[in-house]
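The values are calculated or read from the model by the stated rules, or taken from the named source; none is laboratory data. Model, not experiment: these values are computed from the prediction. Using ideal geometry, Cβ is built from the backbone for each residue, glycine included, and neighbour counts are taken over all protein chains shown.
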C-alpha cells in the first residue's frame, strides 16, 4: 500500500488515517482488515491487482486469508461457493469475460443463499477484446440474484466492501453481494482515502462470522445442499430469494447508517447532487457521475437548475427512491456504459421508466444514451452535451430521439483492418528441403532437415512491428518452430502476449490467417474451424490447399484455464497442432502465478516475504497430461536447440495432417517478469534444459524418446546454474531457503528418472 500522506484525523468517529490509493488497493485493504477466510481467484485485467495486493500483504504477515489460485474464473467461483457453503467468509474479484466465465455459478450461490463479497471491476466484454472500463459485464450480473452495490470512488470501494459483508450476512438477506466499480477510472486512479487505523473497528462492525445456518461445516451435523427441486418448490425458493433481495434494500439503509456513525461518511440509496430544485438531471453510474457534478456547478452559475442522480445500490433497484427524486424533474437523460442490443435502451433506462410508470402524476421526459463503451473517456463537455439534450427536450415538451448512442463516429474505409505488410501464402512457405516419411519397421517418422541457414530464406509468418517487450522469447521461438512447417497455416491465438502484441486494431502483424478466441476456448474453436474447412472442402464449396496446417498458439496460462478445452479436443483427435509457449506465468496480465510456474519462483501473486517464499507447489507437467490422452504426437522444444525443434515441427505437421492432434510445449524467456537480462535468453533456456527442469523429448504413437540427454552429453548442470540468471529465483539460493531449493531439485530429479524409464521401456 502507499505511504500515509497526512497525520491521523479525529472526528466523533473511530480513528482514521488518510492515504492516497486506488480502488483496487482499497478493496484489498478492506478484505485484509476483515481478514476473510478464503479468496479463490484468477487474474484478469483490471481486477488482477486486488489479488496481487493481498498476496503482497500476506507475504508481510498482514492477514491470514487463504489465497487459492484457480484454473480459471469458473473454477474460482466454484472454490468460493464451496468455501461459502462451509460457512467461511469468502472474497473474490473479477472483470468482464472473467465474470462471464463464472456466470453460471452465480445463480447457484444466490439461489442456495450463501453470502460472500465479489468485487466486479467493470470492463468491456469481448469481443473484440478491449480491456478498458464500461458496464457491459455489470449488466450481465443484474439477473444473477446477487445484491449489487456501486462505488464511484476509491473511498466508496473501501467503505462498501466493509458494508457489503454485513449486508450479505444479515439474517434477513443471506445473499452474496457484488461491489462494482469502474475499471481503470476507479480501480487504478489514486485518490485521497480515509481508512480505519485499527482493523478491530472493521471487524467489530461486521461482527462475528455467522454459524447458525445450513452450512456444511460440521460432519456431526450432516446437511444436504442444493437438492433437486420440482417446479412448485423452486417457485417457493425463488419467492423467498426475491423477498430477501428486497429486504436487502432496507438492510442497506440500516448498515449505511451504522457505518456513518463510525466513519462519518454517508451512503444514501441515491447520491443526489443539487437535486433539491433541479429541473433537468442526469442519471449516471459510478465515476461518470463524479465528472458530471463539475458540469452541474458550471450550469448552475448560468442559472440552469441541473442535478445528478447516481445510485449506490442497483440490486434491489431503488424504484421508490427514484420516483421521489424525479417527481419535479422535467427532463432526465440516462447515460449508460452498456447496451441491451435491440431493446431500444439499456437495462437501467427501462428500469427507471418502469419506476416512473407507477407514478401517475410524473411527467418526466426520459432520454437514454449509450456512452463510454470500451473505456472511452467521459469529460465535463460530454456531460454538458447530455444536459443540453435534456434541456432541449424540456423546452420542446418532447424528445426528438429518446434512445441513441453518444460518441460514435461514421465508419471510415481507411480505418479498416489492414496487415502491416502484404499477406503471403502458398509456395513462399515451401522450402522443399524438409523431408518426412514413416519408417514401416519402427512405425516412427524419419525427418531430414537442412542446415538452419538454408531455411532462412523462408519468410517469417509474423511481420516485424509487434509490441512485445525487449528480449521476449515468444516470437523467436514461434518463428523457429514455423521454419519446420511447410506451406500455408491457419493459426488461432488464444488471448495472451503473442496475441495482444500483434493485433492492435486497425493493424495486424500476421501474414497468414489468424483467428482469436479467449484463453479457455482456443482448442475447441480451432477444432470447429478445422472440421468446417474439411466439410466445406468435401462439399466442393471452397478450395483449400492440401498442405494447409492448423495451429493453435497458447501461453500465458492458456493451458490452465484452457486445459479442459484442450483435453476435449485431444480426445476427439482433430487434425491440428496445439503449441504452448511456456513463459511460466500469466505474463500478459502482469506476471501472476500459473500452474506452470515452478515451486519457489516469485510472481506477483506468489510473493517472497517474511511468511512465504514464492510459489508453494510444484509446476504442472502439461506435456505428460496431454500424452495421457493418447494423441499421436507430443513434444517439448526449446529455442536454444534449433535443429531439435525444427525436426519436431516437421513431425508435428505430418501427424496433424495425416493422423490427428499434436501437442507441443516450448520454453520461452520473459525477461521483464523473470527479472533477467535481455541478452541471456538463450543461456537461460539452455540451462533449464541442462538441469533437466525442461527435458527435451517426444511421445510418438505412445512411445517416449528423449531427444537430448544432458547427462550423455556431460552437460548436466545443477539448479543454481539456471536459477542464478533470474531475479525471480535468486532468493532460492539463500541459505534460509535451502529446504525449498532441495524440494524443487528432488521433484525435477524424480520427473527426470521417470522420463528415463519411459525412454528405456516403450511400454511405459
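Within segment 276-354, considering only strands (runs of 3 or more DSSP E) that don't extend past its boundaries, which have at least 3 residues that are at pLDDT 95 or above and buried (at least 24 other Cβ atoms within 10 Å of the Cβ)? Before you say what the answer is, go through the steps one by one.
Working: elements: 280-283, 306-311, 313-315, 331-336.
Once the strands (runs of 3 or more DSSP E) in segment 276-354 are filtered for at least 3 residues that are at pLDDT 95 or above and buried (at least 24 other Cβ atoms within 10 Å of the Cβ), what remains is 280-283, 306-311, 331-336.
Can you tell me which residue in segment 521-544 is surrounded by the fewest Cβ atoms within 10 Å (Cβ to Cβ), limited to those that are in contact with a helix residue (DSSP H, G or I) (Cβ under 7 Å, 6 or more places away or on another chain), within 25 Å of residue 486 (Cβ to Cβ) and touching a residue at least 24 places away in the same chain (Cβ under 8 Å)?
527
Can you tell me how many residues within segment 626-657 are outside any loop (DSSP other than H, G, I, E, B) and either closer than 24 Å to residue 605 by Cα or in contact with a strand residue (DSSP E or B) (Cβ under 9 Å, 6 or more places away or on another chain) (or both)? Even if it seems obvious, please write down each step before you answer.
Taking segment 626-657 first, the residues outside any loop (DSSP other than H, G, I, E, B) are 626-627, 633-638, 642-657.
Checking the rest, the ones that are also either closer than 24 Å to residue 605 by Cα or in contact with a strand residue (DSSP E or B) (Cβ under 9 Å, 6 or more places away or on another chain) (or both) come to 626-627, 633-638, 644-657.
So the count comes out to 22.
Counting only residues that are in a helix (DSSP H, G or I) and loosely packed, with under 11 Cβ neighbours inside 10 Å, which one in segment 205-234 is farthest from the chain's Cα centre (by Cα)?
232
Going through segment 723-764 one residue at a time, which ones are touching a helix residue (DSSP H, G or I) at 6+ places or on another chain (Cβ under 8 Å) and closer than 13 Å to residue 695 by Cβ? Please lay out each step first, then the result.
First, pick out the residues of segment 723-764 that are touching a helix residue (DSSP H, G or I) at 6+ places or on another chain (Cβ under 8 Å): 723-733, 737, 740-741, 744-745, 748, 764.
Result: 748, single match.
Scan 456, 476, 502 and give me the residue that is modelled with pLDDT of 90 or more and surrounded by fewer than 18 Cβ atoms within 10 Å (Cβ to Cβ).
476
Within segment 405-422, work out how many residues are surrounded by 12 or more Cβ atoms within 10 Å (Cβ to Cβ) and either in a loop (DSSP other than H, G, I, E, B) or at pLDDT 80 or above (or both).
Of the residues in that region, 4 qualify.
Anything in segment 704-717 that is out of contact with any strand residue (DSSP E or B) (no Cβ under 8 Å at 6 or more places or on another chain) and surrounded by 12 or more Cβ atoms within 10 Å (Cβ to Cβ)? List them, or say none.
Of everything in segment 704-717, those that are out of contact with any strand residue (DSSP E or B) (no Cβ under 8 Å at 6 or more places or on another chain) and surrounded by 12 or more Cβ atoms within 10 Å (Cβ to Cβ) turn out to be 709, 710, 711, 715, 716, 717.
Do you know which residues across segment 103-128 are over 22 Å from residue 80 (Cα atoms) and surrounded by fewer than 19 Cβ atoms within 10 Å (Cβ to Cβ)?
The answer is 126, 127, 128.
For segment 148-158, give me each residue that is under 18 Å from residue 115 (Cβ atoms) and over 22 Å from the mean Cα position of the chain (by Cα).
Our first condition is that a residue be under 18 Å from residue 115 (Cβ atoms); within segment 148-158, this holds for 148-149.
Scanning segment 148-158 gives no hits.
Is there a residue being modelled with pLDDT under 95, touching a strand residue (DSSP E or B) at 6+ places or on another chain (Cβ under 7 Å) and over 27 Å from residue 556 (Cβ atoms) anywhere in segment 685-703?
no
Could you please find all residues in segment 447-478 being touching a strand residue (DSSP E or B) at 6+ places or on another chain (Cβ under 7 Å), farther than 18 Å from residue 547 by Cβ and free of Cβ contacts under 8 Å to residues at least 24 places away in the same chain?
475
I need a count of the residues in segment 702-756 that are in a loop (DSSP other than H, G, I, E, B), within 33 Å of the chain's Cα centre (by Cα) and farther than 18 Å from residue 685 by Cβ. Step through it out loud before you land on a result.
Here is the first cut: in segment 702-756, the ones in a loop (DSSP other than H, G, I, E, B) are 702, 709-718, 724-729, 734.
Those left that are additionally within 33 Å of the chain's Cα centre (by Cα): 724-729.
Remaining after also requiring farther than 18 Å from residue 685 by Cβ: none.
So the answer is 0.
Consider only pairs whose beta carbons are under 7 Å apart and that are at least six residues apart or on different chains; among these, list those whose first residue lies in segment 725-738 and is touching a residue at least 60 places away in the same chain (Cβ under 8 Å) and not assigned by TED's automatic domain parsing to the domain that holds residue 686 and whose second residue is crowded, with 17+ Cβ neighbours inside 10 Å and not in a loop (DSSP other than H, G, I, E, B).
Note: no pairs meet the criteria.
Among the candidates 129, 120, 142, single out the residue that is assigned to a loop (DSSP other than H, G, I, E, B) and modelled with pLDDT of 95 or more.
142
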